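The next block holds one structure in the form of C-alpha cells; read it before the comments.
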Amino acid sequence: MTQEEYFKLCKKYLDGQCSKEEEELLEFYSANSSFNDDVSEDDAIFNKEIHADLSERIDRHVKQHTKKTAGIKSLWLQVAASLLIVATLGLVIYNVIQPLSLRNYASKHVSKKTEATAPVLRLPNGKELQLDNASKNAALSYQTGVDSVSGGYIKYRKHLALNAETLVYHTITTPVGKRYQIELSDGSRVWLNAQSSIKFPVAFSKQNRDVTITGECYFEVAKNNEAPFSVFANGTVVRVLGTHFNVSAYPEDKLVQTTLLEGAVQLTNGESTLKLKPGEVGVANLSNKSLKSSEADVTDAMAWKSGLFIFKDENIQNVMKTAGRWYGVEVEIADEVKQKSFYGTISRNRSLEDFMQLLKLTEGINYAIKEGRVIVMK
C-alpha cells in the first residue's frame, strides 16, 4: 500500500465507508507500515493537506462519539482514535517535515533494525525452543498443552489441571525488538513487549490463575468468578476476575505500573493495597512499598502494543531508556543534554539510526553509535 492510498483509506474509514476487510487492512498498516522516504514535492503537499483534514476529522469524530457513549466504550474509542492519529502524524512528521537532505542520508546510511532472535519457550525439563520454528519442532506437541503456533502467536489447549500439585509451567521470553502474543488455557490473552517474560501453568487449577512476569505485558483476562487471576511482578500482585490492563515491571525501574482499561483490579505491595478504576494507573514503589494512583495516559501506555513509540514532553533519559530496551543497546547521555525533553511519534519498525536521526532533527542533539552503545551529546 502506498502512503497516498493509506491516507485515503484513513479518510474513508472516518467517513464510515470502509468494509470490514478495509478496516482490518487499515488496522494492520497503522501498526506495521513504514513508507518509502523518497517523497516528491507534490506528495508532500498532498500529505500536508491530508494531515490537516485527517486531524480535524478524527478530533471531531472523537468528540461526537464521546457525547453519545459512556464509560469503557468512550475510553476505548478515544484510545483507538488517538492511536490512529498518532500513527498517521508520526508518518507525516518523519516523511514530510524532515529535510530532503536527511531523507537522502537515511536512505544511504541507515542500517536495518537491530537483528534479534525469536521469542523462546522454556519447557519444564529446561529445554528451550525458539518459537519461530516451534510449529515444526516435534518437542512442542499436543501433549505439551499447546494447541497451535503461528507467526507471533501461541495458543494453549483449553483444559484444567486436576489439582495444584499437578501444575506444569512454561515460560516465554521475548528478546530485543520483538513482541509476542499468547492465548492461555483459560482463554485469557497476553501480549509481551520486548525483553519481557511470563511464567504460567499450561493448565490452571480450579481455584487460582497465577502468572509471574518481568518487563511489560498487556492482559485481556477471561472472566471466571471462581478462579481469580493474579499477576506477580517484582513483589507486587495484581488481582482480577476479568479485565483489560497493562503491567510494566522492568526490574531496573524499581516501580511496577499497572494501567487499567476495563473492569477492576486490586494491587498489593507489601502491606499496602489499592483498587483501580478504568482510566487509572497504579504505581507500586518497590523501595518503600507504597502504592498510589492517578489518571492514566492510556494512549501512551498502550502505544507499544500498536507498534509505536509515543513521547509527550518526555525527558530524554526516559526516551533513551525505552529505546535501549527495544533496540538492545546501552545508552550514555552527556550531562549537558539530560534536561532536554522530546515530543514525537515513530514506528517501532524503524531502525535505531532512524530513531536517533528523528531525535537529532527535533531536539538538536548529536549522537554516536559504537559497538552496541549509543552516546547522546550536545
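Here are the numbers for this structure:
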quantity: Exclusive hit being touching a residue at least 24 places away in the same chain (Cβ under 8 Å) and assigned by TED's automatic domain parsing to the domain that holds residue 250, set 269, 315; calculated: 269
quantity: Count of residues meeting criterion [small (Gly, Ala, Ser) and either under 18 Å from the mean Cα position of the chain (by Cα) or within 20 Å of residue 300 (Cβ to Cβ) (or both)] in region 233-258; calculated: 3
quantity: Hits in region 197-207 (condition: part of a strand (DSSP E or B) and surrounded by 22 or more Cβ atoms within 10 Å (Cβ to Cβ)); calculated: 198, 200, 201
quantity: Residue under evaluation residue 272, criteria (1) out of contact with any Pro (no Cβ under 9 Å at 6 or more places or on another chain); (2) crowded, with 16+ Cβ neighbours inside 10 Å, criterion not met; calculated: (2)
quantity: Residue list for region 332-374, filter: part of a strand (DSSP E or B) and touching a Lys or Arg at 6+ places or on another chain (Cβ under 7 Å); calculated: 332, 343, 366, 367
quantity: Residue satisfying all of: in region 354-378; in contact (Cβ under 8 Å) with a residue 60 or more places away in the chain and surrounded by 19 or more Cβ atoms within 10 Å (Cβ to Cβ); farthest from the chain's Cα centre (by Cα) among these; calculated: 376
quantity: Residue satisfying all of: in region 114-141; surrounded by 11 or more Cβ atoms within 10 Å (Cβ to Cβ) and among the hydroxyl-bearing types (Ser, Thr, Tyr); modelled with the highest pLDDT among these; calculated: 117
quantity: Strands (runs of 3 or more DSSP E) within region 145-196 that include 3 or more residues touching a residue at least 24 places away in the same chain (Cβ under 8 Å) and outside the structural domain of residue 230 (by TED's automatic domain parsing); calculated: none
quantity: Count - residues of region 215-242 that are of a type outside the set (A, V, I, L, M, F, W, C) and crowded, with 20+ Cβ neighbours inside 10 Å; calculated: 4
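The values are calculated or read from the model by the stated rules, or taken from the named source; none is laboratory data. Owing to the predicted nature of the structure, the values given are computational and were not obtained by experimental measurement. Cβ sites come from the backbone with ideal geometry, for glycine too, and all protein chains shown count toward neighbours.
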